[in-house]
Amino acid sequence: MPRRRTTWDTVAIVGVGLIGGSIGLALRERRLAKHVVGVGRNTARLAVAKRRGALTSTTTQLSRGVADAQLTVVCTPVARIVADVRAVADVCPAGALITDVGSTKQEIVAALDGRLDREVQFVGGHPLAGSEKTGAAQARADLFDGRVVVLTPTRRSGREDVEALSSFWSAIGAQVRTMSADAHDRVLAVTSHLPHVLAAVLSSVVRCDELPLTATGWADTTRIAAGDPEMWTQILSSNRGRVVQALARFQERLDAVRKNLEDEDAAALARFLSQAKRNRDALGS
């Protein structure tokens with residue numbers, strides 16, 4: 001099956017929430033796929049995605065949903081991705097391509113790399129886009145515009161497969177980067193998983209009677225703590241070793257700040273805050 005393409009006849013999306021729904025909307029708005037099939041277990045949620053225009057058809061039967069798909073994007077929770085990819089591989093066309101959107105990659109890639117039959121290929125992916133809000137009702141066609149999508153190929157991944165997925169994500173607005181699954185999980189532990197833990201900790205230390213005195217700073221800093229607890233439990237557990245290392249790195253900085261305050265070392269505190277500001281300013285808006 002030819003890989004290199006900018007348009008697809010049939011793309012299947014397994015798990016049509018915020019990310020899956022946004023992929024569907026982007027594909028249909030840009031006319032990149034003739035058929036976008038949504039596969040899920042909840043007919044009401046699938047109906048929401050179809051009403052939004054993200055899908056051309058829906059089904060609760062996996063074999064039916066991926067029967068004609070040249071590409072299947074698995075958008076289910078991290079703990080289910082390996083099993084779902086294997087299930088797709090058993091019933092999709094021979095030689096088809098499968099990817100995922102999981103927030104961790106090492107465990108998933110290790111379990112699937114080179115282990116699918118019928119020349120079905122899997123290449124891991126992770127769009128660095130999303131929201132604390134969930135569900136297809138929150139989906140947006142422009143969710144991936146200018147956002148980074150990481151692909152995590154291995155030595156067993158075919159070049160054409162990686163190129164096809166790079167073209168797929170680029171066509172819906174993303175900037176594609178490739179790296180190893182290990183490097184992805186190490187970096188995301190600091191840039192994504194640690195921030196969620198810190199937001200949750202900050203949210204948890206404020207008592208209910210103190211909430212009326214919170215302002216925009218607290219709200220901005222804790223926004224991501226409103227994310228789905230079950231989903232984030234799976235993400236943190238899947239990348240637990242690297243998250244523990246990131247927490248240790250953070251604790252060192254936190255201890256240093258506390259010592260600056262205890263020692264009344266305003267100069268050291270100012271240097272710390274200035275460096276933090278430079279880092280944030282370098283990112284832009």
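Annotations for the structure displayed:
- Put in order of Cβ neighbour count within 10 Å, fewest first, the listed residues 56, 152, 216, 191 become 216, 191, 56, 152.
- Rounded to 5, the percent of DSSP beta bridges in the range 8-179 classed as antiparallel: 15 percent
- Restricting the calculation to alpha carbons of the range 184-283 gives Rg and Dmax of 15.3, 42 angstrom.
- Signed unit charges on C-beta, dipole axis of the chain, positive-most listed residue 134, 58, 197: 58
- Cross-link partners of residue 34 among lysines (Cα-Cα below 20 Å; sequence separation of 8 or more within a chain): 50
- Computed from backbone phi, the HN-Hα couplings of the range 130-142 come to x, 6, 6, 7, 10, x, 5, 5, 9, 5, 9, 5, 9 Hz, rounded to whole numbers (Karplus: 6.51 cos²θ - 1.76 cosθ + 1.60, θ = phi - 60°; Gly and Pro given as x).
- Ranking of 98, 19, 13 by count of other Cβ atoms within 10 Å, fewest first: 19, 98, 13
- For the range 235-285 versus the range 32-108, the inter-centroid distance based on Cα atoms is 39 Å.
- Residue separation of residue 253 and residue 208 scaled by 0.36 nm, minus their Cα-Cα distance, works out to 13.4 nm of gained length.
- The chain: DSSP helices with Cα axial extent of at least 27 Å and average Kyte-Doolittle hydropathy no lower than -1.0: 240-262
- Hydrodynamic radius (Kirkwood) for the range 8-179, which is based on Cα pairs only, to one decimal in Å: 15.5 Å
- Estimated purely from DSSP H runs of n ≥ 4, each contributing -39500 (n - 2.57), the mean residue ellipticity at 222 nm for the chain is -14500 deg cm²/dmol once divided by its residues.
- Options 112, 8, 279, ranked by Cα towards positive dipole end of the chain, top entry (Cβ charges): 8
Any read-out appearing in this document is the output of simple, stated calculations on the displayed coordinates, not a laboratory observation. Quick caveat: nothing in here was measured; it's all calculated off a predicted structure. Heads up, the Cβs are rebuilt from the backbone with ideal geometry, glycines too, and the neighbour counts pull from every protein chain shown.
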